[in-house]
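Report on the structure given below.
Each reported figure results from applying straightforward, stated rules to the coordinates on display, with no laboratory input. The structure presented is a predicted model; accordingly, all values stated were derived computationally and were not measured. Every residue, glycine as well, gets a Cβ built from its backbone with ideal geometry; the counts of neighbours run over all protein chains shown.
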Amino acid sequence: MARTEARQILSNVSLNCDLPATVYIPLRGIMKPRIAITSGDPAGIGPEIVLRAAGSGILDELCDPIVIGDMAVMERAAALTEISMKFITETACPPAPGTLKVLSGDAPAPGDFEPGIPQAICGEAAYRYLLH
C-alpha cells in the first residue's frame, strides 16, 4: 500500500460516533509518541499486517512503534511477505529506516504450530502479548 493510500485510509477512519474522523498530521521535528503494537496470533495474519504497515513507512511517520510479539514469528512474516526489515530488541533509541523494534513475548517456537490454523497455544500467546 502506498503512503498516500495509507494517509487516505487514516483520514477517512470512521469512529462510529459524532466526532470528526482521524486526521493525519506529520510529526517531523517533534517527539513522536511511543506506541506498542501486538502482533496478534502467531499463526494468524497479524504479524504480516504489522510488517506491511511498518514496511510502508507510515508507522515511522506517526509514532515510535514497538511490536510486542515473537522475533522468530516476525522474521517468518518478513520471509513470507518478502519485506526487507531488520528486527532489533533495543527500544531506547530511534531505529534506522527499515528497522523494527520487537519486544519478544512468550510465544511458541515457529516449529511448534502450523500457520493458518487456529490453535490454543497461539491464542494463549496473543493473550500474553496483551499483558506484556
### Message
Residue by residue through the range 61-73, what is 3J(HN,Hα) from phi via Karplus (6.51 cos²θ - 1.76 cosθ + 1.60, θ = phi - 60°)? Round to whole Hz and write x for glycine and proline.
### Response
6, 8, 7, 9, x, 10, 8, 9, x, 10, 4, 5, 5
### Summary
So, with points 7 Å from each Cα along the Cβ direction, the residue 89-residue 132 label distance in nm works out to 1.2
### Summary
Between the residues 129, 84, 107, the Cα farthest towards the positive end of the dipole of the range 65-132, that dipole coming from +1 and -1 charges on the beta-carbon of Lys, Arg, Asp and Glu, is from 84
### Query
So how much slack lies between residue 80 and residue 30, counting 0.36 nm per residue of separation and subtracting their Cα-Cα distance, in nm?
14.6 nm
#### Entry: Cut-off under 5 Å, modelled amide H: who pairs with residue 68 long-range
37, 38, 39, 103
